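What follows is one structure encoded as structure tokens, with my remarks underneath.
The values are calculated or read from the model by the stated rules, or taken from the named source; none is laboratory data. Since the model is a prediction, treat every value here as computed from it, not as a measurement. A quick note on method: Cβ atoms are made from the backbone with ideal geometry, for glycine too, and the neighbour counts reach across all protein chains shown. The area values use the complete protein model at the heavy-atom level, side chains included, leaving out ligands, DNA and RNA. Shrake-Rupley method; radii C 1.70, N 1.55, O 1.52, S 1.80 Å.
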Amino acid sequence: MCIFTKRAIPYFIILISTLTTYANPASDIIKKANLAKHYAGSNLKTRIAMLVYYEGAKKPNKKIFNYIKKDVKNGGKQKYFLYFTYPPDIYKTAFIVHKHINTDDYRRLYLPASQKILMINGEKKQCPFMGSDFSAEDITGRHEQMDNHRILKEEMYSVTSEKQRLHYQTYVIESIPKIKEENTSKTITWVDQKTFLPVRKVFYDHFSEQYKIYKAILIKPINGYPTIIKSEMLSPLEETKTVFLLDVKNTYYNTDIPDNLFEDSSLRSPPKELINFNQNE
Amino acid sequence: MSIKKILIGYSLKHPKPIIGLSFLITLLFLVAMPNIRTDTDPVKMLTPDNPAVVLYNQMKAEFRLSDMIVVGIQDLSGASLFTVDRLRRIHKITQDIQAISIPPSPTTFWTSLFKFIQWSKPDILLNKTFKKLIINADILSPSTVDDIILNQKGELNIAPLMRKPPQTETEAQNLLKKINKNAIFNGKLASVDGSLIGIFLPLVKGKKNLSYSIGLKIQKIMDQNLRPGEQYYLAGLPIAETTFGIEMFFQMGIYAPIAGVLIFFLLFLFFGDWRLASGSMILAAMTVIWAMGGLIYSGNPVHIMSSMIPIFLMPIALLDSIHIISHLKDRNKPIKRPLIAIWQVMSGLFNPMLFTSLTTLVGFISLSTTGIQPIKVFGITIGLGVMLAWLLSMTFLPAYLLLIDPSIKKPLTIDKKDSYYSINRLINFFRIFAIRFPKQLVIASILLMIFSLFGIRMITINDNPVRWFKSDHKLRKSDRVMNNKLAGTYMANLIFELQPVSKKKSSPQQSQNAITKPIDFETNVFETENLPLLTPDLKDGGLIRYIDKIQSFLLTVQDEKGNKIVGATTSIADFLKKVGQTAFQNPEIPMSRKTIAQYLFLYESGDHDKGRDLWKFITMDYQKAQIWLQLKNGDNQIMNHLISELDHYIKKPENRSPILKLPTGDLKLAIKWSGLTHINNVWQNEMVKGMGYALIGSFLAVFFMMNILFRSTIWAIISMIPLALSMLFIYGFIGWTGKYYDMPIAVLSCLALGLSIDFAIHFNQTFREFFKQTKSFHKTLERVFKEPCSAISRNILVISIGFTPLFFAELVPYITVGVFFSAIILISGIASLLLLPALIYLLQPWLPEMREKSKFIR
């Protein structure tokens, strides 16, 4: 109906830019990075621990959830199912997201205490994910056509991980949103030339201050796919930091995941075999 | 004796090296001047280990609270600001304010040293200096604050209230309705009629001292965006403090030199010679520079009290030199050998001068026994300054006098100097009056004392940093407008914490900080089975409802005039109610722990700012919660009243904390006050108590010293009486006039004690010396009322007139100090000149040296 609303404009731009396909190496790298990070395998089943550190707090705010993802189209639509197991107070809380490229996401949240499914607005893709420093977009990916990309340089990037020094030969790519965004004026991404995984990403706000810094700390191949096991996002201005940890023992690519898992009906009682993980394998 | 010979004798033998050395040391202290820093933070009033300060800092860290500047935009005609055009401009203003940044000052050796020191601080997250000054995510304004809504599709959305300015007038008006309906925004973001909009700006840690510059930037933004008929205001303690700091510098820079010029003029009038007058002035200036330089070298910042050090020290430093020069000049015959004349005068005055300096030192040092940091610094600096002045009077002054000997050779010709002559006539009148009506004087004193004691009972102790500005100052004006229209600009916090009912077991507290001491939370992160399933916390319907109950009580508290004290309160209960109402159409606070947890989870996960608003009201481990109170008035009296009302309320059995029954032991809620307004209260109470002890302590110390000096208790008592009377009178007078007893007034008591005793020391000492020679009361008194008393009266005039420039100062504490100090000195001076002769006259039969003689007189 209202295809001419302002919100539709970015999607138009994507459409037009996709039509006028011209070879941009920077854009290509970002596309490959997107595929490597967000579309590895046709589906993924894992368990994630999310730790949000606040300056001044005694302990990080910890949440553990099962994370099941299925690609509908490689590089396009995806469906997510999240099932919270920790803290005990929110045990059985479940969340589904249908990620759309051209329209708002579809989001539903089930709260077991009130036994109610809540419709959550899916417009805000740059907003924080579950109270963390990551945005929904940081977790589910941002389409490469939303930004103008440019290779700044190639450089050796080093990071300390598990007391080891890791070195990556990277492309350094600057991305500027085609449509002015609320928070981000530009990002700079360091993409590993071997795996094409982004190993570092810096977000600049409109005052050219670094407001978010992403780091992939540990990368391991799982089922043959290089997978980011540990990553962190630092918000220096707000003095918070979020660490994402994948449960390596319980990470599987390309298993059998039925489509109906991502329907509203499965929020209340998801299939047991999908949500119960083997603790001590 | 030997000290006297060493100091004065050496200086008279080698005047030039002494003067050169003095100037050299002065230069050394002058170098320190550019490094001066001011600090007017009320938290610094208390020592860092004071429990109230510890709690306050802990609360600020745990709830991530910041100091706030409050900006108000008002329509002067009272019309609503909620129109499309105005909201668009206010939205623009908010965005511009968000962008305010001040580039860090260029790196010099000192700043890099400072940074190096800062670097070692355990700020692992924040190891970079930001240009930004305001925590944008925490700004409270219609454009930034998060609201929970259901959109047309029925989807839950947590987004800024006014993400974009409204397009139609109805939308604009609806925005005001939304604000008025929401307990979290109500009275904060806008006044009920919409004629005033508030923007609360939390400052980045460590940037508070830039508040004044932020204020200037806001002014520029407002000038660009506001139209005629619209007015903006700035309020909040950070603005008041930094503005005060800057104005303080001006006042110090203006009034200390003016006082100096005035005193120089007076001295010139007394001595009739500019070289003698400038000798005293150079001495005073050197004392001030040494003392201030020492203060800066010691690393102490200049606080409101310490900024008055030059003004206090200058007249005090002059006292000894005025005595010396007066005695030299009041001789009738010309001086033939200056060296001997100076030696004679100075050795005669050595004891009284040493003791007057020591008593002044005691008066000021006694200030250091108070728990108030700036008063301590002030007391010690001036105390040491007084001793420096004494040292310079013993060394620099004789050397200087010897070098300019021609001008001291001439005596003062009394007839020529009219002003001098009339002073002498006046003090002679005092003498005659005192001896004619001694009994009446004593009776009048007793009556005055009774009158004063009644006044002292009426003293109200009250202070508020905003009151340090005159009532027509623009900060006072914005304070009035904002607190009238909005909920309040004075912040206080009420902290709730779980505590065992029986105090046998201490609650397990981990005091380790995840940020400063990185504990490994990340290995074995998935092994949660071993953890106790439920640690007791505040996610309990009964506890949260109790917090809500306290909130509603706080809102009903009124002051004596029937005005509301608390304008608004916010707590976690408001968030739960709001979530319940929007998502489940049920505004009740849920009872079950899981429901509460999931409400909070819903808010956190949907929030634009990671749910950080929540963590300002409850800690992430749910062990502590706080109510944020906005008070309409920052006076201590008001805060005291509120505290006692709440104490009274929670003592009633029906209002006691609910008890969380657990197998490990029952828990209840403990309540503690904190926040800046409360901190102000704490240091006020501390000050009053401390000053009381300091005053009694120094009174006893001075009395003890008088006993040593005069070797007679009765003489010591005589010395103390005029001083005690004038102090009682001044404080009684304060009580009668209803002026609030605040910090400057409290400090003055000890100063008055230390200074007024000088008059009695000089008077009694010379009286006793002359009496030994003349053996006649009347002859002695006549002599005492010549040289010594004219020196005393000159000192009274110099100090009381020296402080008069302060009457015209812009800041209230300066005016208070000026007025009361002049008054104290004048009153105690007159009291000394009248009561001392009267008392000595009446007490003759009991005074040791007059005992035999008195029989003849009677």
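Between A:Ile188 and B:Ile25, the simple label model (points 7 Å from Cα in the Cβ direction) yields a spacing of 5.7 nm.
Chains B and A together bury roughly 5800 Å² of accessible area, counting both sides, with a 1.4 Å probe on protein heavy atoms only.
Helix B:309-329 and the longest principal axis of the Cα set of chain B meet at an angle near 0°. Pairwise Cα separations in the protein assembly as shown fall into 20 Å bins from 0 onward with the following percentages, short to long: 10, 33, 27, 18, 9, 2, 0.
Could you point to the residue in B:Pro500, B:Ile382, A:Gly131 farthest towards the positive end of the protein assembly as shown's charge dipole, with +1 and -1 charges on the Cβ of Lys/Arg and Asp/Glu respectively? Towards the positive end, the residue furthest out is B:Ile382. Between 0 and 90 degrees, the angle of helix B:743-774 with respect to the longest Cα principal axis of chain B falls at about 10 degrees.
Computed from the Cβ-Cβ distance with R0 of 45 Å, the FRET efficiency linking A:Ile101 to B:Lys549 stands at 0.35. Only Lys, Arg, Asp and Glu carry charge here, each on its Cβ (+1 for the first two, -1 for the last two); on that basis the protein assembly as shown has a dipole of about 2460 debye about its Cα centre.
Ordering B:Met705, B:Met59 by accessible area with a probe of 1.4 Å, largest first, what comes out?
On the way: B:Met705 30, B:Met59 5 Å².
Listed by decreasing accessible area, they come as B:Met705, B:Met59.
Name the residue farthest towards the positive end of the dipole of chain B from the options B:Gln684, B:Ser822, B:Leu196, assuming +1 on Cβ of Lys and Arg, -1 on Cβ of Asp and Glu, about the Cα centre. Of B:Gln684, B:Ser822, B:Leu196, it is B:Ser822. At the residue level, B:Ile827 shows approximately 50 square angstrom of accessible surface with a 1.4 angstrom probe and all protein chains present.
The simple spin-label model puts a point 7 Å past each Cα toward its Cβ; for B:Arg275 and B:Ala99 those points are separated by 6.7 nm.
Could you work out, residue by residue across B:59-66, how many beta carbons of other chains sit within 10 Å of that residue's beta carbon, and then give the average as an integer? Write out the running numbers ahead of the final one.
On the way: counts 1, 1, 5, 4, 2, 7, 1, 0.
Across the residues of B:59-66, the mean count of other-chain Cβ atoms within 10 Å is 3.
Using the 1.4 Å probe convention, the accessible area of the protein assembly as shown works out to 43 Å² per residue with neighbouring protein chains retained.
What is the dipole size for the stretch A:9-274, taken about its Cα centre, with +1 at each Lys and Arg Cβ and -1 at each Asp and Glu Cβ, in debye to the nearest 20? Kindly include the intermediate steps, with their values, before the conclusion.
Values: 40 positive and 30 negative charges, 134 e Å.
Using Cβ point charges on Lys, Arg, Asp and Glu, the stretch A:9-274 gives about 640 debye.
Peptide A:228-238 has a mean of 3 when you count, residue by residue, the C-beta atoms of other protein chains within 10 Å of its C-beta.
With all protein chains in place and a 1.4 Å probe, the accessible surface of chain B carries 62 percent carbon and sulfur. When the Cα positions of A:Ile228, A:Trp190, A:Asn260 are compared along the charge dipole of the stretch A:182-281, A:Trp190 comes out farthest toward the positive end, with charges on each C-beta of Lys, Arg, Asp and Glu. The value of relative contact order for chain A, using C-alpha pairs under 8 Å at least six residues apart, is 19 percent.
Pairs over the 32 Å Cα-Cα cut-off, from the set A:Lys92/A:Lys194; B:Lys220/B:Lys624; A:Lys116/A:Lys272; A:Lys215/B:Lys60; B:Lys539/B:Lys652: A:Lys92/A:Lys194; B:Lys220/B:Lys624. Between the stretch A:193-247 and the stretch B:674-700, what's the alpha-carbon centroid distance in Å? Here the answer is 53 Å between Cα centres. Taking the Cα centre of chain B as reference, the dipole from Cβ charges on Lys and Arg (+1) and Asp and Glu (-1) amounts to some 2760 debye. For B:Ser347 and B:Thr369, the FRET efficiency from 1/(1 + (r/R0)^6), where r spans their Cβ atoms and R0 equals 56 Å, is about 0.95.
Listed cross-link partners B:Lys4/B:Lys786; A:Lys186/A:Lys241; A:Lys32/A:Lys201; A:Lys32/A:Lys73 are compared with a 22 Å cut-off, the Cα-Cα value being larger for B:Lys4/B:Lys786.
Once the piece of chain linking B:Ile815 and B:Arg37 is laid out straight, how much longer is it, given 0.36 nm per residue of separation minus the C-alpha distance between them?
Values: separation 778, 0.36 × 778 = 280.08 nm, distance 2.28 nm.
This chain segment gains 277.8 nm when fully extended.
Mind checking the full-extension length gain between B:Phe437 and B:Lys689? Use 0.36 nm per residue of separation minus the Cα-Cα distance, one decimal, nm. Let's see the in-between values first.
On the way: separation 252, 0.36 × 252 = 90.72 nm, distance 3.94 nm.
Length difference between fully extended and current span is 86.8 nm.
Provide a whole-number value for the mean count of partner chain Cβ atoms within 10 Å of the Cβ atoms in peptide B:209-215.
Taking all residues of B:209-215 together, the mean is 0.
Relative to 2.2 N^0.38 Å, what does the C-alpha radius of gyration of chain B come to as a ratio? Two decimals please. Don't skip to the end; give the middle numbers.
Working: Rg = 33.0 Å, N = 858, 2.2 N^0.38 = 28.7 Å.
For chain B, the normalised Cα radius of gyration is 1.15.
Based on C-alpha pairs under 8 angstrom that are at least 6 apart in sequence, chain B has a relative contact order of 19 percent. Here's the list of aspartates and glutamates a cross-link from A:Lys180 could span, going by alpha-carbon distance under 14 Å and ignoring same-chain residues fewer than 8 apart: A:Asp147, A:Asp205.
Can you order the peptides B:453-465, B:593-605, A:61-73 by their average number of other Cβ atoms within 10 Å per residue, highest first? Mind showing how you got there, number by number?
Details: B:453-465: 16.4, B:593-605: 23.3, A:61-73: 19.7.
Listed from highest to lowest mean packing, they are B:593-605, A:61-73, B:453-465.
Relative to the longest principal axis of the Cα atoms of chain B, the long axis of helix B:109-119 lies at roughly 50 degrees. Here's the list of lysines a cross-link from B:Lys178 could span, going by alpha-carbon distance under 18 Å and ignoring same-chain residues fewer than 8 apart: B:Lys164, B:Lys188, B:Lys485, B:Lys577, B:Lys578.
Residues of the stretch B:132-160 whose accessible area, computed with a 1.4 Å probe over protein heavy atoms, drops by at least 40 Å² once all protein chains are present relative to their chain alone are B:Lys132, B:Glu155, B:Leu156, B:Asn157. The heavy atoms of B:Asp49 present about 120 square angstrom of accessible area, all protein chains included, probe 1.4 Å.
If you add up the charges near B:Ala838, with Lys and Arg at +1 and Asp and Glu at -1, over every other residue whose beta carbon is less than 12 angstrom from its beta carbon, what do you get? Once all neighbours under 12 Å are counted, the net charge is +3.
Surface calculation, 1.4 Å probe, protein heavy atoms: B:Leu210 sits at approximately 50 Å² accessible.
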